[in-house]
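Participant: I have a structure I would like to understand better, so I am pasting it below and will then ask my questions one at a time.
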Amino acid sequence: MAGSPQREPAVEESEPVRSDANVAGPMTEPVPGPRSEPADVSRETPPPMDATPVIEGPGDGSAPVGRAAQQAVEAMNRSGERLPRPERTRVMIVANQKGGVGKTTTTVNLAASLALHGARVLVVDLDPQGNASTALGIDHHSEVPSIYDVLVDSRPLADVVQPVPDVEGLFCAPATIDLAGAEIELVSLVARESRLQRAITGYEQPLDYVLIDCPPSLGLLTVNAMVAGNEVVIPIQCEYYALEGLGQLLRNVDLVKGHLNPQLHLSTIILTMYDGRTRLASQVAEEVRGHFHSEVLRTNIPRSVRISEAPSYGQTVLTYDPGSSGALSYLEAAREIALRDPAASGDGRHNSGMAEGTQ
Ligand code: ADP
Ligand code: MG
């Protein structure tokens, strides 16, 4: 799979680096370098004009963006096989109480990737900023029925879920600014920690994955997410202080596991904004891989202008620029997640070492 020279995306590459360069190699070489890339060439060379993505069109999957993204996935799945669908809905909590580490970016792009791989996926936007809703092109002004109504007024989830334009099988429960008050309003409500869990359990549409985009805090909203799902996914930005605060996050996971949700475990760590040209990024990656083991995805997400541009067009990078290294690496990360057996991870090995090693 990784490193195969045959994997040619159907869409012209607009960045000089293939996602293969971001996939960790064998154990003797835990942190991959961008060997295919000359040191003095930016990985963010602007694309030629004819590679500019088409960002308009009907949102029925037959739009140019939808087709191009689909072609990119088909190029990856050369064998024509689709990824296995989970037997039961996998509810994944994308959390890190630090802001700006790539939670929202990872949530929406992994969700779109899983949907393009053939899964039915719901994104729950649990951040009052509503960035995930924006990135998915979902209206979330204050009048729109939202996850706030679900949590605070016990409205059925089905009332607020909207289909995502351009990506078949992808849905979003948007967040509005009302959600900012929910941390306080939830305090006095019955079953305040399990309201999201009830809503998801009561959702009758079939789903393969639910991805919950958490706010940058460890309050009641994040606790609701941790009660609603079993798998915690932590994006870690490959920067200095990357591990700071992780101990606190993991202690919270253990608290929720101990008191509210025995199934909860850290399932996945994903390294984001990886810049292979810097020693710092590879040092951080090495350190994370030293603390955690099988939880860390082999695929690193590169720092990519295309990834950061996509939300301003209400797009994921998968539809904004399907052939870019950012799109290909999220597709690869999604494939890794889909192929992982959730029951096999979460052995608790991370707990003590990590909690002690970081603050
Ligand atoms: P969080 O949800 O943790 O606050 P975001 O996903 O919103 O973090 O990311 C923070 C900022 O970094 C955003 O402006 C986003 O566009 C940018 N960003 C995230 N991932 C990447 C990446 N791989 N390459 C470049 N920019 C990125
Ligand atoms: Mg966010």
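Participant: Looking only at helices (runs of 4 or more DSSP H) that lie completely in the range 165-232, which have at least 3 residues being aliphatic (A, V, I, L, M), in contact with a strand residue (DSSP E or B) (Cβ under 8 Å, 6 or more places away or on another chain) and under 21 Å from Val253 (Cα atoms)?
Facilitator: On the way: elements: 182-187, 195-201, 220-228.
Result: 220-228.
Participant: Which of the residues spanning the range 100-137 are in contact (Cβ under 8 Å) with a residue 60 or more places away in the chain and over 30 Å from Leu243 (Cα atoms)?
Facilitator: Kept after step one, since they are in contact (Cβ under 8 Å) with a residue 60 or more places away in the chain, are these residues of the range 100-137: 100-114, 116-117, 119-129, 131-132, 134-137.
Those that are in contact (Cβ under 8 Å) with a residue 60 or more places away in the chain and over 30 Å from Leu243 (Cα atoms): Leu116, His117, Ala119, Arg120, Gly137.
Participant: Evaluate the range 205-215: report whether one residue or more is within 16 Å of ligand 2 (Cβ to nearest atom) and more than 16 Å from Gly99 (Cβ to Cβ). Before you say what the answer is, go through the steps one by one.
Facilitator: At the first step, the residues of the range 205-215 found to be within 16 Å of ligand 2 (Cβ to nearest atom) are 211-215.
With more than 16 Å from Gly99 (Cβ to Cβ) added as a condition, the list becomes 211-212.
Yes, there is a match, as at least one residue in the range 205-215 is within 16 Å of ligand 2 (Cβ to nearest atom) and more than 16 Å from Gly99 (Cβ to Cβ).
Participant: Could you list, in sequence order, the residues of the range 94-130 that are away from ligand 1 (no atom under 13 Å from the Cβ) and either of a type in the set (Val, Ile, Thr) or in a loop (DSSP other than H, G, I, E, B) (or both)? First the steps, then the outcome.
Facilitator: From the range 94-130, those away from ligand 1 (no atom under 13 Å from the Cβ) are 112-122, 124; that's our starting set.
Result: His117, Gly118, Ala119, Arg120, Val121, Val124.
Participant: Would you mention how many residues in the range 83-93 are away from ligand 2 (no atom under 16 Å from the Cβ) and outside any loop (DSSP other than H, G, I, E, B)?
Facilitator: Quick first cut of the range 83-93, residues away from ligand 2 (no atom under 16 Å from the Cβ) only: 83-91.
Then drop every residue that is not outside any loop (DSSP other than H, G, I, E, B), which leaves 90-91.
Residues flagged as away from ligand 2 (no atom under 16 Å from the Cβ) and outside any loop (DSSP other than H, G, I, E, B) within the range 83-93 amount to 2.
Participant: Name the one entry in Gly202, Gly245 that is at positive phi and either touching a Leu at 6+ places or on another chain (Cβ under 6 Å) or touching a residue at least 40 places away in the same chain (Cβ under 8 Å) (or both).
Facilitator: Numbers: Gly202 fails: at positive phi.
The unique qualifying residue is Gly245.
Participant: Return the pair list, or none, for Cβ contacts closer than 8 Å from residues in the range 307-335 that are more than 11 Å from ligand 1 (Cβ to nearest atom) to residues that are of a type in the set (Lys, Arg) and not in a helix (DSSP H, G or I), at least 6 apart or on different chains.
Facilitator: Within 8 Å, the pairs are Leu328/Arg18.
Participant: Looking at the range 283-319 only, could you name the residues that are in a helix (DSSP H, G or I), within 16 Å of ligand 2 (Cβ to nearest atom) and under 21 Å from Ile234 (Cα atoms)?
Facilitator: First pass over the range 283-319, keeping only residues in a helix (DSSP H, G or I): 283-291, 305-313, 317-319.
Going one step further and asking which of them are within 16 Å of ligand 2 (Cβ to nearest atom), we end up with 307-308, 310-312, 317.
Once the filter is applied, which keeps residues that are in a helix (DSSP H, G or I), within 16 Å of ligand 2 (Cβ to nearest atom) and under 21 Å from Ile234 (Cα atoms), the range 283-319 yields Ile307, Ser308, Pro311, Val317.
Participant: Scan the range 131-161 residue by residue and report those that are at pLDDT below 95 and either within 16 Å of ligand 2 (Cβ to nearest atom) or not in a loop (DSSP other than H, G, I, E, B) (or both). Before you say what the answer is, go through the steps one by one.
Facilitator: To start, the set of residues in the range 131-161 that are at pLDDT below 95 comprises 139-143.
Within the range 131-161, His140 is the sole residue that qualifies.
The values are calculated or read from the model by the stated rules, or taken from the named source; none is laboratory data. Here the structure is a predicted model, which means the values were calculated and not measured. When we count neighbours, we look across all protein chains shown, and the Cβ atoms used for this are built from the backbone with ideal geometry, even at glycine.
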